Amino acid sequence: MSPRRSDARQRMLDRTSALIRQRGASGTSVDDILAHSGAPRGSVYYYFPRGRSQLIEETVDRAGDSVAQLIAAAGDVTPVEVFNLFVRAWRDGLVDSDFRSGCPVLAAAIESSDEEPETVNAAGRAFSNWCAALAHLLRRHGVTQAESRRLANLVVAAVEGAVVLSRTDRSLQPVDDVGRSLRALLHDAVTGGQLR
């Protein structure tokens, strides 16, 4: 039984995300997306009139939105508990892909802004939204505005870097080390401990 045409848009976005996580945005072609999604060739421009660049941009936006929504939906959950969910998702993704898949947002961020400005801009939006959502969560738990901004930037930068190191080392140690250190910083910030 062949896939339904109405699923084509979602399948293309899902497969684009998986391919970007493994190959980067520049290493992801329309032919690869179609081959892996099973979507009909004409569906790319039907659903994405700007073609590959729009498909990749929307994929990165979607990845960025999902993390920002996870943080924003935390409710009364502490920043440390949200951080634990974030780190667990990265650990699971690394293990499930045998360390072949990283972050689609980071992969898009390192593209040349001259060749793929939409892709780089989408990555910038995602990182900004993650930092803003995390800073807002920290402020809701009594952390000052300046400290919230600083910690949010540190968390996003450190975790993204740890994912890269874990992929290259083929080990969870970098993610676990960064997680342990950041967990303590977030706990101290929320409970009133002094950050140095």
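What residue, among those in region 39-52 that are small (Gly, Ala, Ser) and surrounded by 16 or more Cβ atoms within 10 Å (Cβ to Cβ), is nearest to GLU116 (Cα to Cα)? The qualifying residue nearest to GLU116 (Cα to Cα) is SER43. Restricting GLU147, GLU111 to those that are modelled with pLDDT under 95, more than 17 Å from VAL87 (Cα to Cα) and of a type in the set (Asp, Glu) reduces the list to GLU111.
One line per residue, one yes/no per condition, for (1) among the polar types (S, T, N, Q); (2) within 20 Å of ALA109 (Cα to Cα); (3) under 14 Å from the mean Cα position of the chain (by Cα):
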| position | (1), (2), (3) |
| --- | --- |
| ARG21 | no, yes, yes |
| GLY24 | no, yes, yes |
| ALA35 | no, no, no |
| ARG41 | no, no, no |
| GLU57 | no, yes, yes |
| VAL77 | no, no, no |
| ARG91 | no, no, yes |
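For beta carbons closer than 8 Å, sequence separation of 6+ or different chains, a first residue in region 180-191 that is farther than 12 Å from HIS141 by Cα and of a type in the set (A, V, I, L, M) and a second that is at pLDDT below 95 and not in a helix (DSSP H, G or I), the qualifying pairs are LEU185/LEU195. Of the residues making up region 151-196, those that are over 11 Å from VAL87 (Cβ atoms), among the basic types (Lys, Arg) and surrounded by fewer than 18 Cβ atoms within 10 Å (Cβ to Cβ) are ARG170, ARG196. Restricting attention to region 12-38, and to residues there that are among the hydroxyl-bearing types (Ser, Thr, Tyr) and assigned to a loop (DSSP other than H, G, I, E, B), which single residue is surrounded by the most Cβ atoms within 10 Å (Cβ to Cβ)? Filtering first and then ranking leaves THR28. Among residues of region 17-45 that are at positive phi and touching a residue at least 40 places away in the same chain (Cβ under 8 Å), those with a Cβ under 7 angstrom from a residue that is part of a helix (DSSP H, G or I) and not polar (S, T, N, Q), sequence gap 6+ or separate chain, pair up as GLY24/ALA107.
Of note, VAL60 does not satisfy the criterion of being free of Cβ contacts under 8 Å to residues at least 12 places away in the same chain, out of contact with any strand residue (DSSP E or B) (no Cβ under 6 Å at 6 or more places or on another chain) and surrounded by 13 or more Cβ atoms within 10 Å (Cβ to Cβ). Report whether or not LEU138 is in contact with a Pro (Cβ under 7 Å, 6 or more places away or on another chain), touching a residue at least 24 places away in the same chain (Cβ under 8 Å) and under 25 Å from VAL80 (Cα atoms). It is true that LEU138 is in contact with a Pro (Cβ under 7 Å, 6 or more places away or on another chain), touching a residue at least 24 places away in the same chain (Cβ under 8 Å) and under 25 Å from VAL80 (Cα atoms).
Of all residues in region 70-97, those satisfying the criterion of being touching a residue at least 12 places away in the same chain (Cβ under 8 Å) and not in a helix (DSSP H, G or I) are ALA74, THR78, SER97.
The number of residues in region 72-83 being touching a His at 6+ places or on another chain (Cβ under 8 Å) and either among the hydroxyl-bearing types (Ser, Thr, Tyr) or at pLDDT 85 or above (or both) comes to 3.
The values are calculated or read from the model by the stated rules, or taken from the named source; none is laboratory data. Just so it is clear, the structure is predicted and the values come from calculations on it, not from any experiment. Positions of Cβ are backbone-derived with ideal geometry, glycine not excepted, and every protein chain shown enters the neighbour counts.
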